[in-house]
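Data block below; observations after.
Values quoted throughout were computed directly from the atomic coordinates according to the rules given, and no laboratory measurement underlies them. Note that the structure is a prediction, hence the values are computed from the model and not measured. Reconstructed Cβ throughout: ideal geometry from the backbone, glycine too, with neighbour counts over all protein chains shown.
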Amino acid sequence: AFSCSNDFTARAWSVRGEHVQLYAGHTGGVRCGLALGGWLWTGSDDHTIRCWDVESGGVVRVLEGHTRGVLALAAASSLLFSGGDDACIKGWRLRASEGEASCVLSVN
């Protein structure tokens with residue numbers, strides 16, 4: 001299980017409730033998270049989406065494009081969708097094996 005926090009971090013937890021991994025690097029509160037395969041995607045008040053390696057806790061990629069906080073993440077097929085406090089929805093084409101994404105859709 002994963003949790004997101006206003007202390008600028010996300011965390012992984014075991015089924016026993018033990019802290020397993022810390023994901024630190026955002027510069028604003030972490031508002032949402034989405035686990036996809038071996039990656040954890042997080043959206044933050046710092047206007048970015050970060051892709052984390054679940055095992056190592058390291059940042060794989062930082063996506064920029066929102067002008068305000070990122071409030072929601074969802075995935076369908078090979079797309080990651082983000083919704084922001086900037087009243088914008090963005091679609092990012094994923095290359096899951098590399099933790100890579102590129103913006104292919106922006107709706108205001």
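Things worth noting here:
- Cβ-defined net charge surrounding VAL59, 9 Å radius [Lys, Arg +1; Asp, Glu -1]: +1
- Residues with amide H under 5 Å from that of CYS32, placed H, sequence gap 5 or more: GLY43
- Comparing HIS19, HIS66, HIS47 in a Gaussian network model of the chain, where Cα atoms under 10 Å apart are tied by springs, the biggest mean-square fluctuation is seen for HIS19.
- Between LEU22 and ALA35, the simple label model (points 7 Å from Cα in the Cβ direction) yields a spacing of 2.0 nm.
- Other residues with beta-carbon under 10 Å from the beta-carbon of THR27 carry, at +1 per Lys or Arg and -1 per Asp or Glu, a net charge of -2.
- Potential lengthening between ASP85 and TRP13 on full extension [0.36 nm per residue; Cα-Cα distance subtracted]: 23.1 nm
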